[in-house]
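Taken together, the values in this text are just the output of simple stated rules run on the coordinates, not laboratory data. Fair warning: this is a prediction, and the values are worked out from it, not measured in the lab. So basically every Cβ, Gly included, is an ideal-geometry build from the backbone, and we count neighbours across all protein chains shown.
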Amino acid sequence: MNIIGAVGGDNDDADDKEKEEEAERERQEAIREAEERRKEKHRKMEEEREKMRQEIRDKYNIKKKEEVIEQPPEEPANPLMRKKKTPEELAREAEAEEQDEFTMIQELKNSIETQVNEIKTQIESRCSLQ
């Protein structure tokens, strides 16, 4: 930038800005075209490879593997990205948990009662009143 332009003599800033924008558009277009050419090249290479694979399969009577592999949805490492549970799922889990606690308490109560009864019968059998 020259001193005259800085003082206000020329208006090169607008021209420079337009040239820079045009250069940037051309650069972006060149990048896009190069990417398209690269993708097309790789697509053609993959077609050629697949053709060669098919010839080998035909030659040796090999069946093509079926790519029907269904992968279960993986839980993401980030807990914030996990699948959210519906209210119905939450209610079912809470009910199952509550039922488990209730059955556990009932089983504990039953086992205590049986132990008390066993001890009671042992005591009665050892201590006989005359």
- Glu18 paired with Ile105, simple spin-label distance in nm, labels 7 Å along Cα-to-beta-carbon: 8.3 nm
- Return the FRET efficiency for the residue pair Glu98, Glu66: r is the Cβ-Cβ distance, R0 is 41 Å, and the value is rounded to the nearest 0.05. 0.35
